[in-house]
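Structure, as structure tokens:
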Amino acid sequence: MSHFRQTVECWQCGHPAEHSLFCRYCDSLQRPTADYFRFFGLEPRLKIDAANLEKRFYELSRLLHPDRYLRKSPTEQQYSLEATAILNDAYRVLRNPVARAEYVLRQAGVESLEPRARTLDPALLAEVFELNEALEEFRGGDRSVRPALEQARERFLAQRGEIDAGLESLFERYDESRAPNVLAEIRKLLDRRKYVQNLIEQLDRELATESTDAATSD
Ligand SMILES: [Zn+2]
């Protein structure tokens, strides 16, 4: 007997359940897998067909809806609740390319580096230094730096766009090669994206506060 391939049997009829949600012999709902890709019956890939995922989501929402199990056994009622919860989490994660990549990296055991150990691009660091100075002046009431802050925001949005394009091509490379060094590159780019995203959100908050102030003082 192989120790590597676990045989899963249908809890109801005992036939092999082959990791699918429904037994193909008796049609009963099986204990749902917590693996998001397997749950959707998808290959674990970084690039996925969004339209197909959405279609599967609506199909499964219908098939797993707890109302359909009101007259079924307590086992199936329980499984339908568990499956519905996993379905929603899995869809939220898989439909978003960044969350999906984070999920694949976590499954592969690729951890984010400590912020201190990250090597940030010196040009970006210089820009952040300038940004912090401008923000300080802005908070101190100097409205003349507002255009500079808006331009900085535009540049960070453009950088995020470049990062997303870079991720897209790394996703393709990983799906083709399954090479661990590609995952490491993705990790670095995702950390950089998080950094740039935080800057954009910070600027959005600061710029919004300022325009509210202006509106209320009128
Ligand atoms: Zn069965």
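The values are calculated or read from the model by the stated rules, or taken from the named source; none is laboratory data. Since this is a predicted model, take the numbers as computed values, not measurements. Cβ coordinates were reconstructed from backbone atoms using ideal geometry, including for glycine residues, and neighbour counts include every protein chain displayed.
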Only residues that are free of Cβ contacts under 8 Å to residues at least 60 places away in the same chain, buried (at least 19 other Cβ atoms within 10 Å of the Cβ) and among the hydrophobic types (A, V, I, L, M, F, W, C): list them for region 59-85, please.
LEU60, LEU64
Per the list (1) loosely packed, with under 15 Cβ neighbours inside 10 Å; (2) assigned by TED's automatic domain parsing to the domain that holds LEU183; (3) more than 30 Å from ARG56 (Cβ to Cβ), residue check on LEU113 breaks on (2)
Note on ASN132: of the conditions (1) part of a helix (DSSP H, G or I); (2) surrounded by fewer than 16 Cβ atoms within 10 Å (Cβ to Cβ); (3) in contact (Cβ under 8 Å) with a residue 12 or more places away in the chain, unmet is (3)
Going residue by residue through region 31-47, is there one that turns out to be within 14 Å of the ligand (Cβ to nearest atom) and either over 25 Å from PHE171 (Cβ atoms) or not aromatic (Phe, Trp, Tyr) (or both)?
yes
Looking at region 156-168, I want the residues that are assigned to a helix (DSSP H, G or I) and have a partner that is basic (Lys, Arg) with Cβ atoms under 8 Å, at least 6 apart or on another chain. Which pairs are those?
ARG160/ARG193; ILE163/ARG192; ILE163/ARG193; ASP164/ARG193; LEU167/ARG193; GLU168/LYS47
Do we have ARG193 as within 15 Å of ILE163 (Cβ to Cβ) and either surrounded by 11 or more Cβ atoms within 10 Å (Cβ to Cβ) or modelled with pLDDT of 95 or more (or both) here?
yes
Could you give every pair whose Cβ atoms fall below 7 Å, whose first residue belongs to region 6-30 and is hydroxyl-bearing (Ser, Thr, Tyr), and whose second residue is more than 10 Å from the ligand (Cβ to nearest atom) and outside any loop (DSSP other than H, G, I, E, B), counting only separations of at least 6 or pairs across chains?
SER28/GLU76
Among the listed residues LEU94, LEU60, identify the single one that is more than 16 Å from the ligand (Cβ to nearest atom), under 28 Å from ASP191 (Cα atoms), not assigned by TED's automatic domain parsing to the domain that holds TYR195 and not in a strand (DSSP E or B).
LEU94
When region 7-22 is examined, which residues are found to be within 6 Å of the ligand (Cβ to nearest atom) and over 16 Å from GLN78 (Cβ atoms)?
CYS13, HIS15
